[in-house]
Each structure stands twice: as C-alpha cells, then as structure tokens.
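Worksheet: one structure, shown below.
The values are calculated or read from the model by the stated rules, or taken from the named source; none is laboratory data. Since the model is a prediction, treat every value here as computed from it, not as a measurement. Here the Cβ positions follow ideal geometry from the backbone for every residue, glycine too, while neighbour counts run over all protein chains shown.
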Amino acid sequence: MDVTSVDEVLMCADPGEWRPGDSWLAGGTVIFSYGTDITRGAPSRLLDITGAGWEHIRWVPEPVEGSDGRMTLEIAATCRIADLRALADEDAPGGIPRAELPGLDLIPPACDSFVASWKIWHMSTVGGNVATALPAGPMISLLTAWDATALILRPDGTSRRMRVADLIAGPTRARLGDGELIRSFRVPVRSLRDRPAFRRISLTERGRSAALVIGRRTSERSARLTVTASTFRPVVLDFSADAGTDTGVGAGVGAGSAVRADAGAWRTAIDAASGRWYDDIHGDPAWRRRMTHRLGDEILAELLPGIATGVDDAIGRITGDLRIERSAS
C-alpha cells in the first residue's frame, strides 16, 4: 500500500537529522501494510535505516552485566527475521557449543509466530517489530524473555539503555522520544544458558498470537515467565519453590518479589500484574485470560517438574499451534 503522506524517503540512521513529521523505516512491513505509521501518525518523510551497515548479529567479547564475563549477544535493530532464525542452527554461535545455549531454541517458534511468508522474513526487522509495539510482536516476546536491553540513540548525540520489558508502554506505544532510534539489543549469555519453554495460542491455526508465554528455568527451584499478546504490555514474573505464600507481583524484569511456584499463585499473580486483558478480533479478553492461565500451568509443569505445585493436570500437556524444537543436550 502506498503511504500517500510521504514526500521524501532518505537513507539515514542519524537521529540528528530527524525533524517533526519523520518516521524511522526499518523494513516497513507494518507501515506499508497500514499505509501510515500506526505509532506516530501519517509521516511526511521516511528515514530508512536499513542501509546503515550495522552488523546484524555479533558476539561481543567483553564483560557486560549478566554476560558471565565471556560474551554477550548483540542483535542490530536492522537484523532481519531470516538472519535471526539462522542463528538457531549455528553449531557454535559465538564460539560457545550450541548445546550450552538452549535459550536459542526459542528462536524458531518466535519467528514462526510472525505467521508470515519468507518474503516478510527477509524484509521485517527485529528493531521494527519492537518499535511498532504491537501486543503480538514476537520479537518483543523473545527479547523480553531473554532479559534483553535496547541501546537507544538520541538526537542530541547521546544514548541510553532500557530493558525491552520496560520499553513497551502499551499497544503501538514504545517509550521512545521524538527522533530516538533503537540501535541494537544486547542479550546476556546467562539467559541463553537457561532451559526454556514456549507456548502460544491463536484463535485459528497459525493465526495472530492471542496469548504467548515463555519460561526460563533460572535455577533448580525457580523459573521466570514472560507473558505477551494477551496483555497490553510485557509482564514478567519470577517463581520459586522457596517463596512464601504471599504472591509478589512484577511488571518488569526484576520487579517485585518471587511468586510461589504454584498454579493458583501463578494465576493470581498474572491477573494482578496484567491489570486487564487485551481485546481485539483475535481473542476475547476472558478467553485470553483462561488461555494464559493454561499456558503458564504447562510451563511451570515443564520447567519445574516435581517442584511446582497444583499443576498435575498440565504435566505432559502442550496447548497451542507452535512448539519449541529442542537442541541436542
């Protein structure tokens, strides 16, 4: 679809060149499908960052918080979905044996959650999906589950970092100021070393995500669950077999105390943290709530077998149309 409001398209990745009426272009699969920028309104100029020359994926050999002192994964905002998908099949990404990075097993189902053709995979970018801030954005789900942080360039020449979990304020609302541009995402290697679990459901087979829950086993007796698609923004909750009966609630990574690893506690915590459930043609709020509960039960049963309580009915159950593909252990 033509974007009829646009007078000029520039190849530019310099926030200093941004002016009112501009929109960043990073693949354009949403802008061109809607015919406008759904996050800012009709643009008069498009600043296309795809020619910036940023290396799509690299492993940075420097100690960064949570990187275990060896490597951290950096994903450029311009990284195409096809390039990210290929990372999951590398034998030793970043020189680390693939079997030591089970978190990369989340990439295939996350990419499949686009429900898009190979042509979209070769156009759509990781940064564009995050900046558009749609509840069903699968790169938001993946990066939040990995505890990723975004590097944001500012028009005054400075930069800032922000957790992806906190970057999304609501549907089509990212916490980006005028002219701010996502440069890249950093993923701590410790997140990739944790055993993951993935559940996604849609009203139709391979339809738009109505509820998407990703889990990581963070220790022998604890797990972290990330909820997207059914909520207005990402919700991250920590669970522990050693937590008390009080259900602490967190809306972002590291927020709130751990919740008891129990099905009842999980449901109470996510209900409180979500506030309300997303409502559109892809799922009624009450149904999304029930499905989110069900998917979370299954993830707790999978990641904390014999430890999580109240999940007997979920043992061995896999709900939804996409599932994780395990790498060799």
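Exactly one residue out of T218, T247, T268 is part of a loop (DSSP other than H, G, I, E, B) and either surrounded by 20 or more Cβ atoms within 10 Å (Cβ to Cβ) or at pLDDT 95 or above (or both), and it is T247. Those strands (runs of 3 or more DSSP E) of the stretch 1-90 in which at least 3 residues are of a type outside the set (V, I, T) and modelled with pLDDT of 90 or more, considering only elements entirely within it, cover 8-11, 22-25, 45-48, 72-76.
From the list R233, R200, R224, which one is part of a loop (DSSP other than H, G, I, E, B), touching a strand residue (DSSP E or B) at 6+ places or on another chain (Cβ under 9 Å), farther than 18 Å from L87 by Cα and not β-branched (V, I, T)? Within the list R233, R200, R224, the selection yields R233. Counting only residues that are crowded, with 22+ Cβ neighbours inside 10 Å and among the aliphatic types (A, V, I, L, M), the stretch 277-292 holds 1 of them. Mind checking whether some residue in the stretch 100-113 is under 18 Å from the mean Cα position of the chain (by Cα) and surrounded by fewer than 16 Cβ atoms within 10 Å (Cβ to Cβ)? Taking every residue of the stretch 100-113 in turn, none turns out to be under 18 Å from the mean Cα position of the chain (by Cα) and surrounded by fewer than 16 Cβ atoms within 10 Å (Cβ to Cβ). Say whether the condition of being in contact with a strand residue (DSSP E or B) (Cβ under 6 Å, 6 or more places away or on another chain), assigned to a loop (DSSP other than H, G, I, E, B) and at negative phi is met by at least one residue in the stretch 299-307. There is at least one residue in the stretch 299-307 that is in contact with a strand residue (DSSP E or B) (Cβ under 6 Å, 6 or more places away or on another chain), assigned to a loop (DSSP other than H, G, I, E, B) and at negative phi. When A169, A86, A150 are checked against the criterion of being buried (at least 17 other Cβ atoms within 10 Å of the Cβ) and of a type in the set (G, A, S), A150 stands alone in meeting it. Of all the numbered requirements in (1) touching a residue at least 60 places away in the same chain (Cβ under 8 Å); (2) under 22 Å from R216 (Cβ atoms); (3) touching a strand residue (DSSP E or B) at 6+ places or on another chain (Cβ under 7 Å), C79 misses one, and that requirement is (1). Scan the stretch 185-197 for residues that are more than 23 Å from A116 (Cα to Cα) and in a strand (DSSP E or B) and the total you get is 5.
Considering only the stretch 118-126, I want to know if a residue exists there that is touching a Ser or Thr at 6+ places or on another chain (Cβ under 8 Å), touching a residue at least 60 places away in the same chain (Cβ under 8 Å), surrounded by 21 or more Cβ atoms within 10 Å (Cβ to Cβ) and over 14 Å from H56 (Cβ atoms). No, because not a single residue in the stretch 118-126 is touching a Ser or Thr at 6+ places or on another chain (Cβ under 8 Å), touching a residue at least 60 places away in the same chain (Cβ under 8 Å), surrounded by 21 or more Cβ atoms within 10 Å (Cβ to Cβ) and over 14 Å from H56 (Cβ atoms).
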